[in-house]
1. Starting from the Kirkwood radius over alpha-carbon pairs of the chain, derive D by Stokes-Einstein at 37 °C in a medium of 0.692 mPa s and give it in µm² s⁻¹.
2. So how do L87, L14 line up by other beta-carbon neighbours within 10 Å, fewest first?
3. What does the helix-only formula give at 222 nm for the chain: each DSSP H stretch with n ≥ 4 adding -39500 (n - 2.57), the total divided by the residues, and the result rounded to the nearest 500 deg cm²/dmol?
4. For Cα pairs less than 8 Å apart in space and 6+ apart in sequence, what is the mean separation divided by the residue count of the chain, i.e. the relative contact order in percent?
5. Where the only charges are on Cβ atoms (+1 Lys, Arg; -1 Asp, Glu), what is the dipole of the chain about its Cα centre, to the nearest 20 debye?
6. Just how far, in whole angstrom, is the range 59-112 from the range 3-17 if you go by their alpha carbon centroids?
7. Within a Cβ distance under 14 Å of P28, other residues only, what is the Lys/Arg minus Asp/Glu net charge?
8. With a 10 Å cut-off between alpha carbons and a GNM built on the chain, which of G22, G39, G114 moves the most?
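What follows draws every value from the coordinates through simple rules; no lab data is involved. Note that the structure is predicted; figures quoted are calculated from it, not measured. With ideal geometry, Cβ positions are generated from the backbone for all residues, glycine too; neighbour counts draw on all protein chains shown.
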Amino acid sequence: MRKLGGALFLIPGLINLYPIVGVAGTEPLQSLYGLAIAGPDLALLLRHRAVLLGLVGALLIAAALRPALRPLATVAGLISMLSFIALALPLTAHNAAITRIVWADAIACLLLAGAAMLSYRRSASGPTR
């Protein structure tokens, strides 16, 4: 059960870490979001977004290995992903790439919630040998 909890933090971590490829420049960003990057200002904002998502992903991956980080990682991950989902509604207003990101975040939120529940149940029952 302990390994399952860690794995459930790892998967949302990898999902959040993936956009870090956008730091490399405009082409990866265009591929990732399915849109043309109109100018260096938008590219800068999206590259910064990639860094921030990378930080959330790194925290979630660290939490998979360090249970003490799990409460912080859960809050950070859920705030990041649920806020994007809420801002993206209605889904029909966006392209297919954005819709895929929303669904990936929704799945990651479910996995993260499950991981948090497993971690809480384990910590509430006390340490095991």
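1. The Stokes-Einstein estimate is 214 µm²/s.
2. L87, L14
3. Per the formula, -26000 deg cm²/dmol.
4. Value for the chain: 35 percent.
5. Dipole size: approximately 760 debye.
6. If you average the Cα positions of each part, the centres end up 11 Å apart.
7. In short, +1.
8. Most flexible of the set in this elastic network: G39.
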